[in-house]
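The values are calculated or read from the model by the stated rules, or taken from the named source; none is laboratory data. Everything numeric in this text was worked out from a predicted model, so none of it was measured. Using ideal geometry, Cβ is built from the backbone for each residue, glycine included, and neighbour counts are taken over all protein chains shown. Protein only, heavy atoms only, side chains kept; ligands, DNA and RNA dropped before computing areas. Shrake-Rupley method; radii C 1.70, N 1.55, O 1.52, S 1.80 Å.
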Amino acid sequence: MRDYVQTQWPAAMPTELYRNIFQFAADKDLLSLAQVSRTFQEEAEAIIYYYIDLKNTCANRKTAMNWCLSVSNNPRRAKCVHSLKFPSTFKTPLTDDFSVDIQQTIASAFNAIINLKHLFLLSVSKKHTASLNPSTLKNCTFSLISLGGQTDSFGSDDMWDFLRRNPNIEYWAPTVPLLNSVSFIPTDVLPNLRRALIVEPTKVRSLAGRPIDSLCLVFVTPHHSQDAGLDAVIPLRALSATLHTLSYTHGPLRGWSVVDMLHSLARSSPNLKSLTFMTFGTNTDVTKIDNRPRLVAAVAQFQCLETLVLATSIETLPCSSESEVNRNIAMTSQEDQKKWDESSLNPTECLEVASLFTRSTTSLVELSLSFKNGTNGEKVLTYIRSDSDPREARFDGFYTIDTSGWWMR
């Protein structure tokens, strides 16, 4: 590529055009372009260093150290770094003397990346050596917008001090050790927080007073009880004026149902536009056929809801005949027809269930539902509001609507 560029590339092409073209180049091509000329090097490295992912260097600190040296010794490269995934621990043990040198190298790198906006600290094991200490970040001048994870060498006071120095943070995903060690989040911390991923949902009450619009609650306990759910759901009332997106992940239910959860959420967060229920473990909660109206009525309480992802199974009856299957899926792709055949689900019945939701919740635009007929497991089907008849749903495919884009970093 270098020879081609040197002989074929228009010499008078504006630098801005280089930048636009380089955006489409693969990493290996950017590395080659960086060797052509100083102009190409600067434009290519601006892309290469914009997003840095060192999450896999926890077992090989040499790679991480080489990167730290490359930015601390080159201010231009350092200014290009906007997003960084960095290991908060290193797997290999360090001697005390060597540890000091490493801390100084890391501190120099973090002091140099003055334009950093997104920082994610990834921990592997508490038994490994911490790569960051509070003093490492003490003199940093960057102003973060996103922060995820933490390092175990930070106490709660250390973390609050760091967050106070970054008041513009809009996205926060703290890990369990920090949240387990505090009873509340200070009111002067994270004043501009808008999006949060919380794995200790009882701490939600500490988020009051902040302009939260998107929240991901993850309950890590083996079973999800009513008490645990209400401890997180009831405090959402304090966020109801701004909260419009909620993702709720839980284990098998114990002591209450999805309908109960929806009723509680509707009272606390009536203005949701996007609601996602995800489960892990063996989910035994199934909405029986005679309980469908209660489920639909519970969802209908969210009068602004546009997107619904409901992982809890809805019971359906199998197709009465093969001809019925063929008649109802004649307009879908061959791949979808095969999936309908394998699922033994009744397309007409599934469509009717989806249409119950679109009729009762007039704001609903798209929904993913999990259906189960007792023979071939579960299938997630996605429907959108029909163009020809806005009250009805239209089958869109065998997939789940992805609502994780804002929190899956």
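Report whether or not residue 145 is among the β-branched types (Val, Ile, Thr), under 27 Å from the mean Cα position of the chain (by Cα), surrounded by fewer than 20 Cβ atoms within 10 Å (Cβ to Cβ) and at pLDDT 90 or above.
It is true that residue 145 is among the β-branched types (Val, Ile, Thr), under 27 Å from the mean Cα position of the chain (by Cα), surrounded by fewer than 20 Cβ atoms within 10 Å (Cβ to Cβ) and at pLDDT 90 or above.
Matching residues to (1) modelled with pLDDT under 80; (2) not hydroxyl-bearing (Ser, Thr, Tyr):
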| residue | (1), (2) |
| --- | --- |
| 307 | no, no |
| 317 | yes, yes |
| 344 | yes, no |
| 347 | no, yes |
| 363 | no, no |
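Only one of (1) open to solvent by less than 10 Å² (accessible area, probe 1.4 Å); (2) among the hydrophobic types (A, V, I, L, M, F, W, C); (3) within 20 Å of residue 232 (Cβ to Cβ) is not met by residue 137, so which one is it?
(3)
Out of (1) at pLDDT below 85; (2) open to solvent by 10 Å² or more (accessible area, probe 1.4 Å); (3) over 30 Å from residue 225 (Cβ atoms), the odd one out for residue 151 is which?
The one condition residue 151 does not meet is (2).
Could you name every one of the strands (runs of 3 or more DSSP E) located completely within the range 333-401 that has at least 2 residues being more than 26 Å from the chain's Cα centre (by Cα)?
Where strands (runs of 3 or more DSSP E) fall fully within the range 333-401 and carry at least 2 residues being more than 26 Å from the chain's Cα centre (by Cα), they are 393-397.
Taking the condition over 24 Å from residue 301 (Cα atoms), surrounded by fewer than 18 Cβ atoms within 10 Å (Cβ to Cβ) and aliphatic (A, V, I, L, M), does residue 220 pass?
For residue 220, the condition - over 24 Å from residue 301 (Cα atoms), surrounded by fewer than 18 Cβ atoms within 10 Å (Cβ to Cβ) and aliphatic (A, V, I, L, M) - is met.
Provide a single number: the residues in the range 244-278 that are out of contact with any Leu (no Cβ under 6 Å at 6 or more places or on another chain), hydroxyl-bearing (Ser, Thr, Tyr) and within 19 Å of residue 216 (Cβ to Cβ).
The total comes to 6.
Does residue 100 satisfy the condition of being out of contact with any His (no Cβ under 9 Å at 6 or more places or on another chain), modelled with pLDDT under 90, hydrophobic (A, V, I, L, M, F, W, C) and in a loop (DSSP other than H, G, I, E, B)?
Taking the combined requirement at face value, the residue does not satisfy it.
Need the failing condition index for residue 235 against (1) touching a Lys or Arg at 6+ places or on another chain (Cβ under 7 Å); (2) closer than 12 Å to residue 312 by Cβ, just the number.
Status for residue 235: all satisfied but (2).
Take residues that are under 28 Å from residue 149 (Cβ atoms) and modelled with pLDDT of 75 or more and tell me which of the helices (runs of 4 or more DSSP H) falling wholly in the range 1-65 contain 1 or more.
Ranges flagged: 38-48.
List every residue pair whose Cβ atoms sit under 6 Å apart, with the two residues 6 or more apart in sequence or on different chains, where the first one lies in the range 31-43 and is closer than 16 Å to residue 81 by Cβ and hydroxyl-bearing (Ser, Thr, Tyr) and the second, anywhere, is surrounded by 17 or more Cβ atoms within 10 Å (Cβ to Cβ) and at pLDDT 70 or above.
none
For residues that are part of a helix (DSSP H, G or I) and open to solvent by less than 50 Å² (accessible area, probe 1.4 Å), tally how many sit in the range 66-94.
Summing the residues that are part of a helix (DSSP H, G or I) and open to solvent by less than 50 Å² (accessible area, probe 1.4 Å) in the range 66-94 gives 7.
Six or more apart or on different chains, Cβ atoms under 9 Å: show the pairs whose first residue is in the range 393-409 and in contact (Cβ under 8 Å) with a residue 12 or more places away in the chain and whose second is surrounded by fewer than 16 Cβ atoms within 10 Å (Cβ to Cβ) and not in a loop (DSSP other than H, G, I, E, B).
393/352; 393/359; 398/335
Going through the range 190-207 one residue at a time, which ones are modelled with pLDDT under 90 and open to solvent by 20 Å² or more (accessible area, probe 1.4 Å)?
199, 200, 202, 203, 205
If you take the residues of the range 295-304 that are part of a loop (DSSP other than H, G, I, E, B) and touching a helix residue (DSSP H, G or I) at 6+ places or on another chain (Cβ under 7 Å), which of them is nearest to residue 379 (Cα to Cα)?
It comes out as 300.
If you check 230, 253, which single one turns out to be modelled with pLDDT under 90 and either of a type outside the set (Ser, Thr, Tyr) or touching a Phe, Trp or Tyr at 6+ places or on another chain (Cβ under 6 Å) (or both)?
After ruling out the rest, the residue left standing is 253.
Return a yes/no flag: does the range 285-294 have any residue that is at pLDDT 90 or above, surrounded by 21 or more Cβ atoms within 10 Å (Cβ to Cβ) and touching a helix residue (DSSP H, G or I) at 6+ places or on another chain (Cβ under 8 Å).
no
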